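Written out below as structure tokens is the structure these notes cover.
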Amino acid sequence: MRFLKFILCFIIIQVSAQQGGMWIPSLLEGMNENEMQSLGSNLTAKDIYDVNNSSLKDAIGHFNGGCTSEVISPKGLLLTNHHCGFSQIQSHSSLENDYLKDGFWAMSFDEEIPNEGLYVEFIVRIEDVTDAMLAGLTEDLSSKEKQSKIDINRNGVVKKVQKEDWQDIKIRPFYKGNQYYLFVTERFKDIRLVGAPPSSIGKFGSDTDNWVWPRHTGDFSMFRIYADKDNRPAEYSKDNQPYTPKHFLPVSLDGIEEGDFTMVFGFPGRTNEYLPTVAVEQITQKVNPSNIAIREAALKVIDAHMKVDDKIRIQYASKQARIANAWKKWIGETQGIEKSGAIDIKRQFEIDFKKAVKEKGLEDKYGTVLSEFETLYEEFETINIKRNGFVEVFIRTNELMYMMFQLAQMENAANKSDAAFEKAKASVINRLKGIHKNYNVNVDKGVFESVMPIYSDKIDASIYDKTAFTDLDTALNMLEGSAKTVLKNLNKDAAYIYAKPMIVEFYTSLEPEYQRINSKINTLQAKYMEALMTAMPEERYFPDANSTLRITYGKVNGYSPRDAIYYNPVTYLDGVIEKYVPGDYEFDVPQKLRDLYKAKDYGQYADVNGKLPVCFLGTNHTTGGNSGSPAIDAEGNLVGLNFDRVWEGTMSDIYYDPEICRNIMVDLRYVLFIIDKYAGAKHLIDEMTLVHPKK
Ligand code: ARG
Ligand code: ASP
């Protein structure tokens, strides 16, 4: 391991047009800084990340653990995507106050709405703790022994860290566990909703346009961070004050043009850029199609109900969006891998790797890694598909089965102890209440009838007429009493009787078998990573995304998805009007926006060509979790808000092709225009610092 670190320091990385990569912000000096500057950036590594002075990183917050957000005013005003704030916007919506449909704008601090459970986390500092974490880890240890050694080391590291009482610590593996970094963090828990455009702007184009360019979505929403009287993180209190940030991003009114430098600063969730070819084949040819089929079946039912019933539309908005998003991404991913020839390119790369291993005399150590992958993935295939199927049916799509899944865990806990039972019961009650807040039995029964046949040949939809769990009151009734009573009643419930054998199968054979092979694969993947970096040190490696703060950079750039087609990198309001379908579920446009378009009333937000920009493309390498990330210009100003990728490039999580992988951002001028001209919330603009870096 130490050898590897030594080598890493001396890797010479070519600065080429080929970008991609998600880099650790505390390690930008040298290679990344040079490359960014060669792309047009005027920022230094220290402007981006500095421990002793405020820097760009202080404006970037992890939004509820799944998205990114940024502070854009001295009063803690926070910007993220509409789809990132979606479940909060939904939770405050009703048929009377339909914020999903009509939007919401707080006209004063008093009107800003608290959100239980929502948090935003900042990174105070990042430290390399590789040596301490890997101390005493020798080749001869079993993976169990290694893990317990790592746990001991972790405790040692945590004890020594200097931090304030209100700060937290996280340690995360990088390069598949070949390196470790520690993060000191600050988590704010009083986050209030400030504004959201109507879905016809914030989700314009909905599923048809999701993952697609050209795009015309104003995918943004606004929140505000509140802190206690000492400006520190605190639980919600009406006495809390708007947070004064260490840094906030100025907003550029000059926008971008093709070729301009941009960087995206945020919390990418998960990539798998160094998988062997067999794994990529299995994911794209076997697992994706199987998962897609289940989600497609569920969506058909949910969509049909949402279109004809407004109450269901609000109830299922968030769930539908979640199911649809990955469904469509997997389709694009599989197509992209095929079209880009990724399999052949990866095969060739593996041939080069084997050659390098041989030439460097590393065959004893790494000579069998690839063939071991072949064997493991073959063994993995059936169980991998089946286990994915279980997750899709019992956890992601069918709500009654999800309730049964929770109940079975409670029965399991009851077999351990009364205390465990009580704890599990409390958690099930919470879950049941959560599900029933937005539950429609007809929708769910329809989903059951269409997804279950894909997983099992035993189907009995009559359970919906007999079970107690399609109604919250009768469901909670079932949970009253001692463990013995509850379990006795539960085991008489039709849905539970139906689901239990499949859940038991999951826990006794599916899951253990899946984990057994998967942990072997993970161990081998770590070895492969080490082998790659040792045998081919001249290649450029970045650590796969792991929900930690990263920076990715590139240029504003169009792309050519097919012969003779070139996509321009900027869309305008004209395109929104072109797509307008009156009264449509996805492509309706609010009257007021059409009026503003007609009058060309764009104020200070128009482009030099007089048009109003809406979205733009860049070569920044992003993934899920980067949603809501700021797109920052060469001077450190906010120019865009990242929210998606293009259809042809959604495979970038497993194979980044600089020719066609593009991220999609909303132009900040469109965001400001909607706030100011559409919503009349000029007071929010007045909080910001607007700049003209190009003038
Ligand atoms: N595709 C984007 C992302 O992965 C945006 C999703 C918005 N949701 C939707 N179903 N339209 O999150
Ligand atoms: N839309 C994604 C997100 O929510 C971003 C992406 O996958 O490109 O993070």
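Have a look at K75, K101 and point out the one that is open to solvent by 40 Å² or more (accessible area, probe 1.4 Å), among the charged types (D, E, K, R), within 16 Å of ligand 1 (Cβ to nearest atom) and at pLDDT 95 or above.
K101
Can you list residue pairs whose Cβ atoms sit under 6 Å apart, with the first residue in segment 321-337 being within 8 Å of ligand 1 (Cβ to nearest atom) and the second being part of a helix (DSSP H, G or I) and open to solvent by less than 40 Å² (accessible area, probe 1.4 Å)? Count only pairs 6 or more apart in sequence or on different chains.
A324/D207; A324/L299; K329/T650
Starting from residues that are within 24 Å of I24 (Cα to Cα) and in a strand (DSSP E or B), keep the ones in segment 252-265 and report whichever is farthest from the chain's Cα centre (by Cα).
Ranking the candidates gives F261 first.
Do you know which residues across segment 395-421 are over 30 Å from the mean Cα position of the chain (by Cα) and outside any helix (DSSP H, G or I)?
If the condition is that a residue be over 30 Å from the mean Cα position of the chain (by Cα) and outside any helix (DSSP H, G or I), then N415, K416, S417 are the ones that fit.
Quick one: L275 ticks every box in (1) away from ligand 1 (no atom under 16 Å from the Cβ); (2) out of contact with any helix residue (DSSP H, G or I) (no Cβ under 9 Å at 6 or more places or on another chain) bar one, so which box is it?
Checking L275 against (1) away from ligand 1 (no atom under 16 Å from the Cβ); (2) out of contact with any helix residue (DSSP H, G or I) (no Cβ under 9 Å at 6 or more places or on another chain), the one that fails is (2).
Right, R192: more than 16 Å from ligand 1 (Cβ to nearest atom) and either of a type outside the set (D, E, K, R) or open to solvent by 30 Å² or more (accessible area, probe 1.4 Å) (or both) or not?
No: the conditions fail for R192.
Filter segment 616-646 down to the residues that are of a type in the set (F, W, Y) and more than 10 Å from ligand 1 (Cβ to nearest atom) and list them by number.
F616
Any idea which of D128, D98 is among the acidic types (D, E) and touching a strand residue (DSSP E or B) at 6+ places or on another chain (Cβ under 8 Å)?
Answer to the selection: D128.
Within segment 569-583, work out how many residues are part of a loop (DSSP other than H, G, I, E, B) and surrounded by 17 or more Cβ atoms within 10 Å (Cβ to Cβ).
Residues that pass the stated criteria total 2.
From the list A483, A494, A420, A461, pick out the single residue that is touching a helix residue (DSSP H, G or I) at 6+ places or on another chain (Cβ under 6 Å), surrounded by 17 or more Cβ atoms within 10 Å (Cβ to Cβ) and not aromatic (F, W, Y).
Numbers: A494 fails: surrounded by 17 or more Cβ atoms within 10 Å (Cβ to Cβ); A420 fails: surrounded by 17 or more Cβ atoms within 10 Å (Cβ to Cβ); A461 fails: surrounded by 17 or more Cβ atoms within 10 Å (Cβ to Cβ).
Matching residue, one of A483, A494, A420, A461: A483.
Just need a number here: residues in segment 567-596 that are among the charged types (D, E, K, R) and more than 20 Å from N210 (Cα to Cα).
Residues that pass the stated criteria total 3.
Can you tell which of N637, N620 is open to solvent by less than 20 Å² (accessible area, probe 1.4 Å), out of contact with any helix residue (DSSP H, G or I) (no Cβ under 8 Å at 6 or more places or on another chain) and within 11 Å of ligand 2 (Cβ to nearest atom)?
After applying the criteria, what remains is N620.
Kindly evaluate P268 against the criterion of being in a loop (DSSP other than H, G, I, E, B), open to solvent by less than 10 Å² (accessible area, probe 1.4 Å) and either aliphatic (A, V, I, L, M) or touching a residue at least 40 places away in the same chain (Cβ under 8 Å) (or both).
The answer is yes for P268.
Here is a check on your reading of the model: is I201 outside any loop (DSSP other than H, G, I, E, B), away from ligand 2 (no atom under 16 Å from the Cβ) and touching a strand residue (DSSP E or B) at 6+ places or on another chain (Cβ under 9 Å)? Don't jump to the end; show me each part of the working.
Details: outside any loop (DSSP other than H, G, I, E, B): yes; away from ligand 2 (no atom under 16 Å from the Cβ): yes; touching a strand residue (DSSP E or B) at 6+ places or on another chain (Cβ under 9 Å): no.
In short, no.
Got at least one residue in segment 209-231 being within 16 Å of ligand 1 (Cβ to nearest atom), open to solvent by 30 Å² or more (accessible area, probe 1.4 Å) and in contact with a Gly (Cβ under 8 Å, 6 or more places away or on another chain)?
Yes: one or more hits.
So, in segment 662-677, of the ones that are in contact with a Phe, Trp or Tyr (Cβ under 7 Å, 6 or more places away or on another chain) and of a type in the set (V, I, T), which residue ends up farthest from ligand 1 (Cβ to nearest atom)?
This residue is V671.
Hey, among F506, F542, which residue is part of a loop (DSSP other than H, G, I, E, B) and surrounded by 18 or more Cβ atoms within 10 Å (Cβ to Cβ)?
Sole residue among the options that is part of a loop (DSSP other than H, G, I, E, B) and surrounded by 18 or more Cβ atoms within 10 Å (Cβ to Cβ): F542.
For segment 577-615, name all the residues that are within 16 Å of ligand 1 (Cβ to nearest atom) and of a type outside the set (D, E, K, R).
Across segment 577-615, the qualifying residues are Y585, F587, V614, C615.
Can you say whether E659 is open to solvent by 10 Å² or more (accessible area, probe 1.4 Å) and either closer than 30 Å to H247 by Cα or more than 16 Å from ligand 1 (Cβ to nearest atom) (or both), as far as the supplied structure shows?
The answer is yes for E659.
For segment 407-417, how many residues meet the condition of being surrounded by fewer than 18 Cβ atoms within 10 Å (Cβ to Cβ) and in contact (Cβ under 8 Å) with a residue 24 or more places away in the chain? Show your work before the answer.
Residues of segment 407-417 surrounded by fewer than 18 Cβ atoms within 10 Å (Cβ to Cβ): 409, 412, 415-417.
Checking the rest, the ones that are also in contact (Cβ under 8 Å) with a residue 24 or more places away in the chain come to 412.
Number satisfying all stated conditions: 1.
What number of residues within segment 423-447 satisfy the criterion of being open to solvent by less than 50 Å² (accessible area, probe 1.4 Å), part of a helix (DSSP H, G or I) and under 20 Å from A461 (Cβ atoms)?
Matching residues across segment 423-447 total 6.
Mind checking whether some residue in segment 556-568 is away from ligand 1 (no atom under 16 Å from the Cβ), open to solvent by less than 10 Å² (accessible area, probe 1.4 Å), of a type outside the set (D, E, K, R) and assigned to a strand (DSSP E or B)?
Yes - at least one qualifying residue is present in segment 556-568.
Scanning for something within 16 Å of ligand 2 (Cβ to nearest atom) and either farther than 30 Å from V308 by Cβ or surrounded by fewer than 23 Cβ atoms within 10 Å (Cβ to Cβ) (or both), does segment 596-608 turn up at least one residue? Don't jump to the end; show me each part of the working.
First, pick out the residues of segment 596-608 that are within 16 Å of ligand 2 (Cβ to nearest atom): none.
No, because not a single residue in segment 596-608 is within 16 Å of ligand 2 (Cβ to nearest atom) and either farther than 30 Å from V308 by Cβ or surrounded by fewer than 23 Cβ atoms within 10 Å (Cβ to Cβ) (or both).
Taking E392 as the residue in question, decide whether it is under 27 Å from the mean Cα position of the chain (by Cα) and either closer than 30 Å to A324 by Cα or assigned to a helix (DSSP H, G or I) (or both).
Here the answer is yes, as E392 does meet what is asked.
The values are calculated or read from the model by the stated rules, or taken from the named source; none is laboratory data. Keep in mind that this is a model prediction, so the values were computed, not measured. Cβ coordinates were reconstructed from backbone atoms using ideal geometry, including for glycine residues, and neighbour counts include every protein chain displayed. Quick note on the areas: whole protein, heavy atoms, side chains included, nothing else; ligands and nucleic acids left out. Shrake-Rupley method; radii C 1.70, N 1.55, O 1.52, S 1.80 Å.
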